[in-house]
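Since the structure comes first, as structure tokens, the remarks are kept for the end.
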Amino acid sequence: MSGIVIAVVVLTILALIFGILLGFAAEKFKVEGDPLAEQVEALLPQTQCGQCGYPGCKPYAEAIANGDKINKCPPGGTATMEKIADLVGVDPEPLNATEEIQEKKVAYIREDECIGCTKCIQACPVDAILGSGKLMHTVITDYCTGCDLCVAPCPVDCIDMLPIEQTTKTWNWQLNAIPVKQVQEDPQC
Amino acid sequence: MLTLLEQVDKGTLWRSHGGIHPPELKTLSSKTTIANFPLASHFIIPIPQVGDSALLRIKKGERVVKGQALTAGTSFAHCAVHAPTSGTITAIEQLPSNHASGLPVLSCVLTADGQDESIETITSDLSTLDNQQILKLIQNAGIAGLGGAAFPTHIKLSPVSDIELVIINGIECEPYITSDDRLMQEYSDEIISGIAIIERLLTPKRIIIAIEDNKPEAIEAMQHSLNRSELSSDNVRITKVPTKYPSGGEKQLIQILTGQEVPSGAIPAQLGMLVQNVATAYAIQDAVINGQPLISRVVTVTGLNCETPGNYWLPIGTQVQHILQTSGFKGDLSQDKIIIGGPMMGHSLPDVTAPVLKGTNCILLPSTEEIAPDQQEMPCIRCGECAVVCPALLLPQQLFWHAQAEEYDKAASFNLHDCIECGCCSYVCPSDIPLVEYYRVAKSALRTQSEEKKQADLAKQRFDARQQRLEDEKLARETKAREAAARRKNSMASADKNVVAEAMARMKAKKAAQSNTADSVAPAPVQDKKAQIAAAIARAKAKKASATTATDHPVGSDDVEVDPIDDKKAKINAAIARAKAKKAQQNNPSAKTSAPDVQVNAVDEKKAKVAAAIARAKAKKQLQADGDKTQEKVLVDNDTALATNTVPNTNKESTETTLAADTKKARIAAAVAKAKAKKQSLTSDDTEATNPNAVANDSSTDPAAESALSPAEIKKARIAAAVAKAKAKKAQAKLEEKE
């Protein structure tokens, strides 16, 4: 009988000690923020385009961490979706938007037509448009993520999304490359 | 245990891993001396060839002379480009580049004038120059590594750490190419003096000139030159290196000569070593001593499709098609390849209009016999041959698997970046897999990925910064709004007080008027609406009065002043009333602290005038019709009332009193007086303010003023009255609506 009592007492004491230890550890080594959301965010393309329905990549990453669908990022394409699927451990699913040809584009303002309304500046999520009221605006192409958000607000429709031109530095080697032929075309506006 | 330098002095050689022995085919071009090439009519000089930031120093249509710099740059990395001959810049545009992609790059088109006029070259004495001046000369001459990579030499020659060992690379291990071989044979003295300049700049402990043993003439010539030179033979030695491809690679050569391996991702300078090409040494000498910029280089033009293979001094910017024409290209452009560089590492040229660059050491025009047609790629059989020959000690088949599966991250984990793309693996592959092509694809994909990552990080950073900014702005706006609200509240409090005071004053005035059993006249119009209402009331009353006076029995007159028959008297009376009103008006501004009437009246002047005109007209009519003394009584009463009222009712507007008995008449009179008062309130400030008391006290002085109202004006006044009536009605309607 005493043996049982001793066992119960000892186990209770042990449980208390470990409980305190765990409670202390949980407080002491508490991780701030959601590590999964951060990892997901690192995979997203950071175009901040809002095509997922969230105001930026971070909110969408948090939503994914909370169980939202992973196929809402057209700029990331299938590759990003698969990576996220790997990370959060869900099955890959086809992108909800029809996947266009993944061509990187940047905004370009036809400066002669710009009336300086600053609407595009307000729309740009990464502050890549330079200009002031009643003065011409221009896009800092190095900062442009090609998110398209500036195109709709423009009252005079002077913003074009132009594909980034390939240079010898960005050129990708291609197997069985067909020799490039120079085709003369009309210069754009 | 011997130290490294002792071993170097002994000429010890190490074995580098892998490598192959492809057919050399160098005799094709190595037998003839370096020839000059007939000058082309057009040159294409891409800008910038090396280094990114440069300013164009010439304009389209400008004439340039040979050796004139076309670009200027402020950055340290800038490597100038020069005009290869004299002529005119006919275009600056995007033109096909000498690159595997053939993509256009910004280039100057120089149309030669055939005179080949040169800029004045300044020859300098080496002993008078300091190291910085020498480096500046090298930079201004636009010297870049002539071995193929075309890295700016002045950067390489100003290392941050000490250089112990300088290796002069005369290996030239690729098949076909003999440009360095010929250069060493013919210009050994110049090369040695170039090496002397490098020695002066870097003061290394040892300099090794490494030449492959398949170039005995070059070794001999260099040895002679070295013996003749002032360079100490203790420090500088020529080392014969066994022929093997790719021992000319920088890392491979270091391993062969010193047994040390350059770590992955490191540069030789971190080991205290530096490798320079012999042709670069020659160019340094030419630039520093002769003041000649780098505008031409030795290029091997060879291959069985070439009628006159050999080495030529080619101006940089010469178009490949000119070379083809001059050297007798036998092949067919649509089928036969033109290879820039050697057969192992070179690339085929997509467009023959592309120019010769600083890094172009060979133009290979192979016939179909030399270059096997593209073989069908077969599956990898895991034979491991590629791993045996890989000079970088990589696992080519693993890299291939991952590259093929597009698992570039895994390929990168197998040190894909250390691949020097020498082509040994492809050369030995029994399945004819173009391994290097796979690696190139994988490498560019990885580069794109890292670019995108960088871009994404930047975008995120900027997005966060913007969010922060918007947040800050919002906060700032809110604080500002709060402050403004507080301010408004403060000022509102005082304004409210004023409003309350005014309202109180109005109430008092009303009370006073009521106590006088007379119509109270609206206070001096604070708003035009009030004025209009007042006018409307006055008019309505006047109308009523005029309607009734016809039937009214005239009141008998005992007043001396008034002559019932005389119009003039009536006028005088009107004038008196006006004067009284004026007086009252005069008193009011002085009593009141705030004078809103002044500003508002100015706006409302016209309307008030009209109203006054109506009232006047009515009054006149009345007077003419009645001619009785009621008016006078009223006026007299007014006089006394005003005299007493102005003191107690300081805030009050002009108030008229009438006799209690005669209400109708009195009302008419009140209306007249009111109108007058209104008019006076408009004009009193500027016209009659100076003399209010005189007018008020002496009524007999006023006929002159009243005489303005001639009978002719009566009609006008009527019209005005009609207008005013309409307006008043409108105002009334508005007011009601408001209420």
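The values are calculated or read from the model by the stated rules, or taken from the named source; none is laboratory data. Here the structure is a predicted model, which is why all the values come from computation and not from measurement. All Cβ positions, glycine included, derive from the backbone under ideal geometry; neighbour counts span all protein chains shown. What goes into the accessible areas is simple: the full protein's heavy atoms, side chains included, and nothing from ligands, DNA or RNA. Shrake-Rupley method; radii C 1.70, N 1.55, O 1.52, S 1.80 Å.
For the reader, a short list of remarks on this structure follows.
- Top-ranked residue in region B:435-463 [being open to solvent by 70 Å² or more (accessible area, probe 1.4 Å) and at the interface with chain A (Cβ under 10 Å from one of its Cβ atoms); ranked as nearest to B:Asn415 (Cα to Cα)]: B:Arg447
- Hey, B:Asp286 modelled with pLDDT of 90 or more and buried (at least 20 other Cβ atoms within 10 Å of the Cβ) or not: yes
- Subset of region A:107-131 (residues that are within 13 Å of another protein chain (Cβ to nearest Cβ), assigned to a loop (DSSP other than H, G, I, E, B) and either more than 23 Å from the chain's Cα centre (by Cα) or surrounded by fewer than 18 Cβ atoms within 10 Å (Cβ to Cβ) (or both)): A:Asp127
- Residues that are open to solvent by 50 Å² or more (accessible area, probe 1.4 Å), at pLDDT below 90 and under 23 Å from the mean Cα position of the chain (by Cα) are absent from region A:171-188 altogether.
- Some residue of region A:15-34 being among the aliphatic types (A, V, I, L, M), under 24 Å from A:Pro125 (Cα atoms), not in a loop (DSSP other than H, G, I, E, B) and not assigned by TED's automatic domain parsing to the domain that holds A:Pro125: no
- Criterion: surrounded by 21 or more Cβ atoms within 10 Å (Cβ to Cβ) and at positive phi - qualifying residue of B:Gly303, B:Gly342: B:Gly303
- Counted residues, region B:88-116 - those being surrounded by 22 or more Cβ atoms within 10 Å (Cβ to Cβ) and more than 14 Å from every other protein chain (Cβ to nearest Cβ): 2
- Scanning region A:137-175 for residues that are in the same structural domain as A:Ala123 (by TED's automatic domain parsing) and touching a Pro at 6+ places or on another chain (Cβ under 8 Å) yields A:Thr145, A:Gly146, A:Cys147, A:Leu149.
- Sole exception among (1) at pLDDT below 85; (2) in a loop (DSSP other than H, G, I, E, B); (3) polar (S, T, N, Q); (4) within 18 Å of the chain's Cα centre (by Cα) for A:Gln166, by number: (4)
- Considering region A:45-60, the residues that are more than 11 Å from chain B (Cβ to nearest Cβ) and surrounded by 21 or more Cβ atoms within 10 Å (Cβ to Cβ) include one that is modelled with the highest pLDDT, namely A:Tyr60.
- Residues in region B:44-61 that are at negative phi and either modelled with pLDDT under 85 or in a strand (DSSP E or B) (or both): 12 in all.
- Flag if B:Tyr427 is crowded, with 22+ Cβ neighbours inside 10 Å, hydroxyl-bearing (Ser, Thr, Tyr), more than 7 Å from chain A (Cβ to nearest Cβ) and under 30 Å from B:Lys244 (Cα atoms): no
- Filter result (within 12 Å of chain B (Cβ to nearest Cβ) and within 30 Å of B:Ala442 (Cβ to Cβ)) within region A:148-174: A:Ile164, A:Glu165, A:Gln166, A:Thr167, A:Thr168, A:Lys169, A:Thr170, A:Trp171, A:Asn172, A:Trp173, A:Gln174
- Listed by first and then second residue, the pairs linking a residue in region B:1-24 that is closer than 14 Å to B:Leu165 by Cβ to a residue that is assigned to a helix (DSSP H, G or I) and open to solvent by 70 Å² or more (accessible area, probe 1.4 Å), with Cβ atoms under 9 Å apart and 6 or more places separating them unless they lie on different chains, are B:Thr12/B:Glu6.
- Yes/no for B:Ser334 being among the hydroxyl-bearing types (Ser, Thr, Tyr), in contact with a strand residue (DSSP E or B) (Cβ under 8 Å, 6 or more places away or on another chain), open to solvent by 20 Å² or more (accessible area, probe 1.4 Å) and not assigned by TED's automatic domain parsing to the domain that holds B:Val428: no
- For region B:258-268, the condition holds for at least one residue, the condition being that it is among the hydroxyl-bearing types (Ser, Thr, Tyr) and surrounded by fewer than 16 Cβ atoms within 10 Å (Cβ to Cβ).
- As for region B:160-178, it holds at least one residue that is surrounded by fewer than 24 Cβ atoms within 10 Å (Cβ to Cβ) and within 20 Å of B:Pro309 (Cα to Cα).
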